[in-house]
Amino acid sequence: MNNGYFDWAATSFMSEAACDAYRNAASAYPGNPSSLHKLGSQASTFLNACRSTVAALLHISPDTVFFTAGGTESNSIAILSRLWRKSPGKIIFSNLEHDSVLQHRRILEEHGFAVLSLTSKKGYADLDHLDTLLDEQVDLVCLLLAQNVLGTVQDVASAVALVRAHERRTGKRIHVHCDAVQALGKVSFDLASLGVDSAAFSAHKFQGPRGVGVLYCRPNSIEALSRGGGQESGLRPGTEHIAGIAAMTEAMSELFRNFDERMLHVHKLRRFFEDSWREHPVIVQLSPYSNENSRIVDSIVTISLPCLPSEVAMRILSDRGLYVSSGSACSNNAKKKSSRLFQDFGFNAHVAGGAIRISFGPTTTIEECAMLVQALQDIAKQYGTTVKRG
Amino acid sequence: MDYTLYLVRLGEISLKGLNRDFFEGKLKTNIKTKLHPYHSRIAKQKGRLFVYVEDQAPDTLVREALSSSFGIVGFSKAIQCEKDFETIKSEAMRLVDETWKIDQVRSFKVETRRADKTFPMKSYDISAELGHLILERYHTLSVDVHHPDRILYVEIRDSAYLYTDDESGPGGLPVGTAGRGMLMLSGGIDSPVAAYRMAKRGLRMEAVYFHAYPYTSQQAMDKVAALARILSRYCLRIVLHVVPFTDVQLHIKAHSRDEETTLLMRACMMQIATMIAAERDCSAIVTGESLSQVASQTLESIRFTDGMTDLPVFRPLIGMDKEEIITTARLIGTYETSILPYEDCCVIFSPKHPLVKPRLDSIRKSYELLGIERLLKEAVEKTERILCS
C-alpha cells in the first residue's frame, strides 16, 4: 500500500482485522456489561476475555489491566489520583514527557504540589539528575518509555531502580508512572520487569481504534477522580466501549503475532533512510542513528532541512502526497516546544526550526520511503541554495 | 403581507444639502440588501427612514442589519396606528407591556411630538394622559422627566407612531457613498480595523491578500477570507483578490540585501494593489499602517512605499496606538480571528534587522534593480477572486 503516510507516531491506520473485530463485537455484544441479564453477562464475559488477552500479551495479570479512553486519559487518571493525598508533596516530570503529562503541572501546583523537571541529555532523561531530585517529599515520578519526537527509548528500569533504592533509605513509597504510548509495538520491553507502578497505552498508535487505551496499575494503587457506575474497578467509570476494546485487543494480538518480523522490517526502513542522508550536505538527522547499542524506536526519526521552516517543508511534501509531521511553526515568534527540545539537544535555531518527524510502520513500503527520500533531496536541492535564511 | 415597522434615525446624512437624496438612497439600498431575502419597504421622512420589514423576518436579524449599517444613528421598533386617541392608548399600553421589563424600570416619561397640528390634543396633554394610564397599570413606576429609565415616544404625523427603545446605530455615512477603495488585507489585527474605519466614512472596498504558499499556509488564507466575511457585515460584500506572491518574494529574497527585503516586498504589494485597483475601478488604497509600529511603517518607509502608487493611500490608523486598535478590533468582532496563529509572512522572508530609515534614493534604486515588473504582472494575472459575504 503506497499511501505516502509517514505520521504513524501521530496516529496509525486501523488494521482490517481491527475493523472486523470492531464491527463483530458491536453487533455480537449489544448488552451493557453491567446488566444482569443474559445479554449483559455475555458482554461482561467477552470484556473479561479481552482483558485476559491483553494481560497475556503484556505478560501481566488481568487484574492490572484497566480499559480507558486512550493514552491521555490513562496518564490523567494516574497523575490526578495524587490529588487525593492530604499533604501534597513533590512530583517529578521528565522534560521529555508528552503534553498529556506536562499539562497537569498547573492543576498540581494549584493544589500545593511542587512539580520538578527532570532534565535530559540528547534525548535521554538524566538519571544522575533524577538521583539529586529524589527526597522524602517526592510522591510521583513520571518518565515515558519512548519519546514521541526523537524516538529515544528511556532507561525506565534503571530509573525505577534508583527510586526503589531511595525508597529503601527513606521508607517512603514513590509512585512511578510510565507513558508507554509511543513504545508499544515499536520496541521490545517487558512491562513487569520495568518495575513501574503504572503505565499508559493507546490503541490508535498500534493500528487499533481511537478513543481506547489501557491503564496498567496494581489493583487499588490508584483512585480516580471521576465517579460513576464503578466500571473498571472505579478507575474509569462509564459504560465500557466493548467494540473499541475488542478492536484494540485484536490490534494488539496482531502486533505480537509477528513482532520480530515487523521489527526487522521497520529496522530495514530505518537503515534505508539513514543511508540515504548520512552523507547528505543539507539533510541533518536529529534523532540518534540506529545501531546495536542505540536505545531508540526505529520507526520514529526526526531530521532537519535547515534551509526551510519545517512547516513549509511539510506543506511541500503534503502537496506531493507525502505526510510527515512538522516540529515548529513558520512564524516569527513561535517558540514551539519541540523546537526548544532540539535546541536543548544542541542544534542551532535553524536546524531546530527545520525539524521534520518521519514515522512509519509495518505496512510502510521501501518504495514509499524511496519516494520520501527523493522528495527530501529535491527540496534540499531546490531550497538549500535559493533560500538563504534570514 | 404584514410588516413590522422600524424607525431609523439618521445622523450626519440629515445635515447634507442637495446631496441628501443620494446618501439616503444608498442607505436604503444597503439596508434592503442586508434584509434580503426578506421583503422590505423604506419610506423617507425628514431625518428619518421608516423601514417596514416583512414580519416573517426575525427581530434579531433586523436589529443586526440596522446596527451595522453606517449612516444610522439610532433605531427602534415602532407601532404605526390610526390617529385616534383610543387606539393610541391601547397600542401604547401594548408596546409598554411588550417591551419594558417592568421589574427593571423605576422611572419613565412620555415624549410627544405633534407634527400634524390638526390633531385635537396638544402634545403635553397626550403625554400626560398616557403617563397617567401607565402609572395606573404599574404602581411601582414613577415619572421622571429629566433622567427616566425608559421613554415612550409618540409622534403624530400622517399616522400615529409609537416607539420606546432607541438602540444605537454605528453612525458614519452609508457604505458606497464615498467611492471605492482597495484594502490591503493581511491576517493581522490592524487592516480589518482600517477597513471598518473607512467603511464608516462611506468607502466601498475590495480587498487584496498576498498568498505565499507554501511559505504561508492554506489556513492563513482561510483566516483572511474569514476576516473579510466578518467585515462584510459593515462593508457589504467584499471581493477578495488572492495574489500568488511566492515568486515575487523568492525573487526579492534572491536579488536584494537582507535588510531591504521587507520594504521591497511592501513596495511590490503596493504596486500590485494599484494594478488590481485600476482593473476594479477603485480610486484609493487602504492600509492598516500605524506610524512607526514596525519597520515598514516609519515615516521614511511610508514615504518610499507611498511613491509606489499614484492613488491616494488611506491609513486611518496612522495616529492610533495598538491598544486603541485592539479595542476597535474586539468591538467589530475581528480580534479573535486575527490572533489565530497562522502567520501571513514566513520567517524566512523576515530579516532580523530590517531597514528602519531607508534613504529614498538608495531604496528606490534597489527597487529598480530588482527588475520585477514582469513577475508583478504575472502575479496580477494569476490572481483569484473570492466573494466574501
Checklist entry - What translational diffusion coefficient, in µm²/s and rounded to a whole number, does the Stokes-Einstein relation yield for the stretch B:188-298 at 4 °C and a viscosity of 1.567 mPa s, taking the hydrodynamic radius as the Kirkwood radius over Cα pairs? => result 86 µm²/s
Next on the checklist: Can you tell me the orientation of helix A:242-257 relative to chain A, as the angle in degrees between its alpha-carbon axis and the longest Cα principal axis, to the nearest 10?
Outcome noted: 60 degrees
Checklist entry - So, how do all the Cα-to-Cα distances of the protein assembly as shown break down into 20 Å bins, in percent, from 0 on up? => result 14, 31, 30, 22, 4, 0
Checklist entry - Nearest 100 Å², what total accessible surface is buried between chain A and chain B (probe 1.4 Å)? => result 1500 Å²
Next on the checklist: Limiting things to C-alpha atoms, what are the Rg and the maximum Cα-Cα separation (Dmax) for the stretch B:130-220, in angstroms?
Outcome noted: 24.2, 72
Checklist entry - Taking Cα atoms, how many degrees apart are the long axis of helix A:38-57 and the longest axis of chain A, rounded to 10 and kept between 0 and 90? => result 50 degrees
Checklist entry - For chain A, what is the percent of antiparallel DSSP beta bridges, rounded to the nearest 5? => result 55 percent
Next on the checklist: Between the stretch B:314-344 and the stretch A:2-17, how far is it from one alpha carbon centroid to the other, in angstrom?
Outcome noted: 41 Å
Checklist entry - Of all the accessible heavy-atom surface of the stretch B:107-224, with the other protein chains kept in place and a 1.4 Å probe, what percent is carbon and sulfur? => result 51 percent
Checklist outcome for this item: Computed, not fitted: 222 nm per-residue ellipticity of chain A from DSSP H runs ≥ 4 (each -39500 (n - 2.57)), nearest 500, equal to -12500 deg cm²/dmol
Next on the checklist: At a cut-off of 30 Å², which residues of the stretch B:321-343 become less accessible once all protein chains are present than in their chain alone, using a 1.4 Å probe?
Outcome noted: B:Glu343
Item to check | Bridge type composition, the stretch A:68-205 - antiparallel percent by DSSP, nearest 5 | outcome: 15 percent
Next on the checklist: Probe of 1.4 angstrom, ligands and nucleic acids ignored: what's the accessible area per residue over the protein assembly as shown, in square angstrom?
Outcome noted: 44 Å²
Checklist entry - What FRET efficiency, computed as 1/(1 + (r/R0)^6) with R0 = 56 Å and r the Cβ-Cβ distance, is obtained for B:Glu279 and A:Asp20, rounded to the nearest 0.05? => result 0.45
Item to check | DSSP-defined antiparallel bridges as percent of all bridges, the protein assembly as shown, nearest 5 | outcome: 60 percent
Checklist entry - Can you list the equivalent-ellipsoid semi-axes of the stretch B:180-388, largest first and in whole Å, using the square root of 5 times each Cα gyration tensor eigenvalue? => result 25, 18, 17
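Considering every residue in B:288-296, what mean count of other chain Cβ atoms within 10 Å of its Cβ is obtained?
The mean count of partner-chain Cβ atoms within 10 Å per residue comes to 0.
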Checklist outcome for this item: Over its alpha-carbon atoms, chain B yields an Rg and a Dmax in Å of 26.4, 84
Checklist entry - How large, in percent, is the carbon and sulfur part of the accessible surface of chain A at a probe radius of 1.4 Å? => result 51 percent
Checklist entry - Ratio of the stretch A:1-134's C-alpha Rg to 2.2 N^0.38 Å, to two decimals? => result 1.44
Checklist entry - Per residue of B:211-218, what is the mean number of Cβ atoms on other protein chains within 10 angstrom of that residue's Cβ? => result 5
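Note down the Stokes-Einstein diffusion coefficient of chain A in µm²/s, whole number, using a Kirkwood radius over alpha carbon pairs, 37 °C, and 0.692 mPa s.
149 µm²/s
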Checklist entry - Where does chain B land at 222 nm, in deg cm²/dmol rounded to the nearest 500, when only DSSP H runs of n ≥ 4 count, each adding -39500 (n - 2.57), divided by all residues? => result -12500 deg cm²/dmol
Item to check | Volume per residue that the Cα convex hull of the stretch B:1-103 spans, once the total is divided by residue count, Å³ | outcome: 125 Å³
Item to check | Rg to Rh, two decimals, where the stretch B:199-241 supplies the alpha carbon set and Rh follows Kirkwood | outcome: 1.05
Next on the checklist: Using only the alpha-carbon atoms of the stretch A:258-386 as identical scatterers, what base-10 log of I(q)/I(0) does the Debye formula give at q = 0.12 Å⁻¹?
Outcome noted: -0.44
Item to check | Separation between Cα centres of the stretch A:270-290 and the stretch B:358-389, rounded to whole Å | outcome: 40 Å
Checklist entry - Suppose R0 equals 60 Å; then what is the FRET efficiency for A:Thr363 and B:Arg113 from their Cβ-Cβ distance, rounded to the nearest 0.05? => result 0.15
Checklist entry - Which one of A:Gly346, A:Gly211, A:Gly70 has the biggest mean-square fluctuation once chain A is modelled by GNM with Cα springs under 10 Å? => result A:Gly346
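Find how much the distance from B:Lys16 to B:Gln56 grows on full extension, using 0.36 nm per residue of separation minus their present alpha carbon separation; answer in nm with one decimal. Working shown, then result.
Working: separation 40, 0.36 × 40 = 14.40 nm, distance 3.42 nm.
Residue separation times 0.36 nm, minus the Cα-Cα distance, leaves 11.0 nm.
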Next on the checklist: Averaged over its residues, how many other protein chain Cβ atoms are within 10 Å of peptide A:308-316's Cβ atoms?
Outcome noted: 4
Item to check | Folded to 0 to 90 degrees: helix B:20-35 orientation relative to chain B principal axis, Cα | outcome: 90 degrees
Item to check | Pairwise centroid distance, computed over Cα atoms, of the stretch B:1-63 with the stretch A:78-128, Å | outcome: 62 Å
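The values are calculated or read from the model by the stated rules, or taken from the named source; none is laboratory data. Model, not experiment: these values are computed from the prediction. Ideal geometry is used to build each Cβ from the backbone, glycine not excepted, and the neighbour counts take in all protein chains shown. The accessibility values were calculated without ligands, DNA or RNA, using every heavy atom of the protein model including side chains. Shrake-Rupley method; radii C 1.70, N 1.55, O 1.52, S 1.80 Å.
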